[in-house]
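The block underneath contains the structure these notes are about, expressed in structure tokens.
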Amino acid sequence: MNGNPNNTGQQARKVTLSSLLLNALLVAVKLIAGFAAQSMALIADGLHSFTDIASDVLVLIGLKYGHKPHDWDHPYGHYRFSSLSEFCVGLLLLSFAIGLIFKSVQAFLTGEMSDPGIPVIVVAGGSLILKEILFWWTRSVARRTKSSLLMANAWHHRSDSVSSLLIAIALIFGHFGGERLYFMDKLAAIGLSGFLVVQGAKIVLSSGNDLLDRAPSAAILNDFNEHILDIEGVRSFHEFRCRKVGDFYEVDVHIQVDPSLSVVEAHEISHRVKDDLIKEHPEIVNMLVHIEPEQ
């Protein structure tokens, strides 16, 4: 029995499309202002927003194909498209961050310092506000739809708002603190890079575990299986297995029933187990119940 993943896709696509349009605007504004003021931090932030566009495109691809029902070529569904897209988002963020570290350190060591000016500070502050709004909106939809792919993109937005905050602070110090604090622009870019490396690594590891069928946490497993023994006709169960596929879960379980039951009666119990568990946890998209006589 399957859950209904298509019901979760519309809101996720709406918030991601909005993010895509906003990121395109931010790229243009940040790069124009950054090159005009020769601000390495703002240029880096603009390039970061450019990677956000690629991230949004990957999320849209994952949402489109990851929620498609099964077909003859993919009998188990397309749910892993979401995990694969999430993995690519993480790799993109990680590779960008590592490159930014080298570029920022190089700029810091060469001593290319300048006063960014008030317009650049305004751009960084505006970016902070817009990206923080996107973070809270995307995270809200991700929690409501239980989408780990969308949650990864939400934290991508949060990394943007943190970067804009660091850059705004550095630019303020650089502008009002005089020439001796111009280095804050480069220092902010290095600090941003370290933060992004951590976030990108977390996303890569999490989605990689899903692609490799690592079992969910004990808390999730216990939450799924705690209702099984309450179902009428189930004497015991074992070999409870679960794996994450995209934003959903697949479950296998062996249940033991009265050996004197007919095949039809035992089959009805297995359906009750499926129906009750999926009703309680709609994030379970596939469930296979094996029937065994109680021993």
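The values are calculated or read from the model by the stated rules, or taken from the named source; none is laboratory data. All values derive from a computational prediction rather than experimental measurement. All Cβ positions, even for glycine, are placed from backbone atoms using ideal geometry, and neighbour counts span all protein chains on display. When the accessible area is computed, the model is the full protein with side chains, heavy atoms only, and any ligands, DNA or RNA have been set aside. Shrake-Rupley method; radii C 1.70, N 1.55, O 1.52, S 1.80 Å.
Numerical summary
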| read-out | value |
| --- | --- |
| Taking the chain and dividing mean pair separation by its residue count, relative contact order in percent (alpha carbons under 8 Å, at least six apart) | 21 |
| Within straight-line cross-link reach of Lys68, lysines at Cα separation under 28 Å, skipping those fewer than 8 residues along the same chain | Lys14, Lys146, Lys202, Lys244, Lys274, Lys279 |
| Cβ-placed point charges (K, R +1; D, E -1), dipole of the chain about Cα centre in debye, nearest 20 | 1200 |
| Ratio of the Cα radius of gyration of the stretch 187-244 to 2.2 N^0.38 Å, where N counts its residues | 1.85 |
| Proximal charge balance of Asp210 [Cβ under 10 Å; K/R count +1, D/E count -1] | +1 |
| Difference of contour (0.36 nm per residue) and Cα-Cα distance, Glu280 to Ile169 | 35.2 nm |
| Projected label distance in nm at Ala201 and Lys14, using a 7 Å step from Cα toward the beta-carbon | 3.8 |
| q = 0.12, 0.15, 0.16 Å⁻¹: log10 I(q)/I(0) that the Debye formula gives for the chain, counting C-alpha atoms only | -0.78, -1.04, -1.13 |
| Fraction of antiparallel bridges per DSSP, the chain only, in percent to nearest 5 | 45 |
| Most mobile listed residue (Leu150, Leu212, Leu165) in the chain, GNM with C-alpha springs under 10 Å | Leu212 |
| Label-point separation in nm, Ser95 to Ser140, each point 7 Å along Cα→Cβ | 3.4 |
| 222 nm mean residue ellipticity, helices alone, for the chain (DSSP H n ≥ 4; -39,500 (n - 2.57); rounded to 500) | -24000 deg cm²/dmol |
| Net charge, Leu47 excluded, C-beta distance under 12 Å - Lys, Arg +1, Asp, Glu -1 | -1 |
| Spin-label model distance (nm) - Ala54 vs Gln295, 7 Å beyond Cα toward Cβ | 5.4 |
| Accessible surface of the chain [probe 1.4 Å, protein heavy atoms]: carbon and sulfur percent | 65 |
| Axial C-alpha extent at least 18 Å, average Kyte-Doolittle at least -0.5 - helices from the chain (DSSP) | 9-37, 40-66, 80-110, 118-145, 148-176, 184-211 |
| Choice from Lys131, Lys244, Lys279 with maximal GNM fluctuation in the chain (Cα, 10 Å cutoff) | Lys279 |
| Residue-count net charge about Ile284 - beta-carbon cut-off 14 Å; Lys, Arg +1, Asp, Glu -1 | -3 |
